[in-house]
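Working notes for the structure below.
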Amino acid sequence: MTDHRRRTKIVATLGPATDAPGVLDALLGAGVDLVRLNFSHGDPAEQQARAQAVRDAAQRVGVEVGILADLPGPKIRIERFAGGRVQLQAGARFDLVASADAPPGDAGQVGVSYLGLPDDLRAGDTLLLDDGMMQLRVERIEGERIVTSVLNDGTLSDRKGLNRLGGGLSLGALTDRDRELIAVAASIGAEFIAVSFCRNAADMEEARAIARSHGSDAALVAKIERAEAIENLVAIIDASDVVMVARGDLGVEIGDAELPGLQKKIIRQSLLQDRVVITATQMLQSMVDSPIPTRAEVLDVANAVIDGTDAVMLSQESAAGHYPLKAVQAMVRICIGAEKQFEMDSDFEKAPRDLQRADQAIAMAAMFLSEHIGVRAIVAMTESGGTARFLSRFRSNVPIFGLSRHGGARRRMALMRDVFPIDFDSRGLATREAAREALKSLFDSGLLDEGERVIFTSGDHMEQHGATNTLRLLQVGAGGHAQGLGEI
């Protein structure tokens, strides 16, 4: 059987553009694997309504779709202007006022949301506003007033973001509002919770502890968007389940010239540490207003796929653009095209030699076999999705069918490249019986053909997390019956 399934997953942000009747169903039907709820906008009631809409649409369409709750984080913003916006001229003085009582802004000053900003700055620092569109140089600090000079002509409007070139601001990753919103994410059953502007492993560990205290088993997503995060990258990845290359603020802080190389580094390091990775921000930005992407955007998405990213993400394109469905369809086409252009050879020489878990060792053995003896697919029985994750860290041409009775596990697996989650209840079945039933189910669904070989992984105790310890090589016989070829 020839397999033309798309392996790279697609994340779509929800917003006003997806609220219209029928749009969400169309997006899920077109190939969205995970939806992102941007907690920077809307109140908890709106997020709960959207989450329920996702669950309902997924059931109607018949797909496994997870929910990612993206926390706002400590985004530093300027406050509002009296007239909504001002025109600034290069060379002019412009003050930032770090005071709760700052008056509405004008062409000479504006308030800032982070009252500790004067303590983090010194003369000569460069501040980047509105994703770098407006640049200011710090001349001096006068108490709560930051005196700057404007470096370029431009328009500045309400509530634009502020970064320091090179990073170094001391603001923590989790705000009090974030801590409250983690409880909201837990209440809607979000499969993923994203921590914005994380600096170190401690930020991720704190978020995980709060989530668990609210009864959530969500996977934690580290958004790499601060210069400090690059310095602590290995530790942050180790403390996370998923990593997001959040190219917007990261590009502003480190400079656009450094961004391509760092994107590749983050993807490579995440895979090396057995973590799932998402590439995000402005991937098809022109499709906010255009029905087709630019060639540069096509290459950007394709290069992320070729680099090995698990998923690519749509932000404003799907949340507020004029063509959300066309954006998803374009992303699908680009991913499939990029996947056809290369063959990834798993380099087992670089694989870790000090594995501590049996399921990791089984996953590595399964991928080695699949590369050397030729199989149609790998079938992984899994409670939590962990075995499927370990399998998918080796980029291969072999699809991985992740079978689980747990909806949360299936929706988490939906984000993993090469993994296709399938509902299968193994309770009460012995290992060999489960193998027979699983292959018959895949055969009846048209996913396997007679005569094809598969690798089957499972555990002696089917309902235990992390219990995968068995690998079988099976062949699909007449009527989908499993024929054993051997066991390791």
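The values are calculated or read from the model by the stated rules, or taken from the named source; none is laboratory data. All values derive from a computational prediction rather than experimental measurement. Note that we place each Cβ from the backbone using ideal geometry, even for glycine, and neighbour counts take in every protein chain shown. The protein model used for the area step is the full one, side chains on, heavy atoms only, and it has no ligands, DNA or RNA in it. Shrake-Rupley method; radii C 1.70, N 1.55, O 1.52, S 1.80 Å.
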What are the residues in the stretch 75-101 that are among the small types (Gly, Ala, Ser) and surrounded by fewer than 20 Cβ atoms within 10 Å (Cβ to Cβ), if any?
Ala82, Gly83, Gly84, Ala90, Gly91, Ala92, Ser99, Ala100
Output the residues belonging to the stretch 399-415 that are in contact with a strand residue (DSSP E or B) (Cβ under 6 Å, 6 or more places away or on another chain) and not in a helix (DSSP H, G or I).
Pro399, Ile400, Phe401, Gly402, Leu403, Ala414, Leu415
Would you please list the contacts, defined by Cβ atoms under 6 Å and residues six or more apart or on different chains, that run from a residue in the stretch 49-71 that is within 19 Å of Gly402 (Cα to Cα) to a residue that is open to solvent by 10 Å² or more (accessible area, probe 1.4 Å) and assigned to a strand (DSSP E or B)?
Glu64/Pro421
Condition test on Val184, is it over 18 Å from the mean Cα position of the chain (by Cα) and at pLDDT 95 or above?
yes
Scan the stretch 148-158 and give yes if some residue there is under 25 Å from Arg199 (Cβ atoms) and hydrophobic (A, V, I, L, M, F, W, C), otherwise no.
no
Picked from the stretch 130-139 (must be within 18 Å of Lys75 (Cβ to Cβ) and free of Cβ contacts under 8 Å to residues at least 40 places away in the same chain), the residue most open to solvent (accessible area, probe 1.4 Å) is Met133
Looking at Met244, Met283, which one is open to solvent by less than 10 Å² (accessible area, probe 1.4 Å) and in a strand (DSSP E or B)?
Met244
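Is one or more of the residues making up the stretch 417-424 in a helix (DSSP H, G or I), open to solvent by less than 10 Å² (accessible area, probe 1.4 Å) and without any contact (Cβ under 8 Å) to a residue 40 or more places away in the chain?
Step one: filter the stretch 417-424 for residues in a helix (DSSP H, G or I), giving none.
No - not one qualifying residue is present in the stretch 417-424.
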In the stretch 16-64, what residues are charged (D, E, K, R) and either open to solvent by less than 30 Å² (accessible area, probe 1.4 Å) or more than 25 Å from Ile334 (Cβ to Cβ) (or both)?
Asp19, Asp33, Arg36, Asp43, Glu46, Arg50, Arg55, Asp56, Arg60
Looking at this structure, is Leu127 under 19 Å from Ile254 (Cα atoms), in contact (Cβ under 8 Å) with a residue 40 or more places away in the chain, assigned to a strand (DSSP E or B) and not hydroxyl-bearing (Ser, Thr, Tyr)?
no
Could you check how many residues of the stretch 140-173 are out of contact with any Lys or Arg (no Cβ under 7 Å at 6 or more places or on another chain), β-branched (Val, Ile, Thr) and either open to solvent by 40 Å² or more (accessible area, probe 1.4 Å) or under 30 Å from Glu205 (Cβ atoms) (or both)?
1
Single match in Ala222, Ala296, Ala202 (criterion: without any contact (Cβ under 8 Å) to a residue 40 or more places away in the chain, closer than 29 Å to Arg410 by Cα and open to solvent by 10 Å² or more (accessible area, probe 1.4 Å))
Ala202
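Looking only at residues in the stretch 384-427 that are among the small types (Gly, Ala, Ser) and under 20 Å from Val332 (Cβ atoms), which one is nearest to the chain's Cα centre (by Cα)?
Once the filter is applied, the top-ranked residue is Ala414.
So that you can scan it fast, the table gives a plain yes or no per residue for (1) part of a helix (DSSP H, G or I); (2) of a type in the set (Ser, Thr, Tyr); (3) free of Cβ contacts under 8 Å to residues at least 40 places away in the same chain:
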position: Arg208; (1), (2), (3): yes, no, yes
position: Ala257; (1), (2), (3): yes, no, yes
position: Gln263; (1), (2), (3): yes, no, no
position: Ser270; (1), (2), (3): yes, yes, yes
Tell me, which strands (runs of 3 or more DSSP E) lie completely within the stretch 1-102 with 3 or more residues that are more than 30 Å from Leu127 (Cα to Cα)?
9-13, 66-70
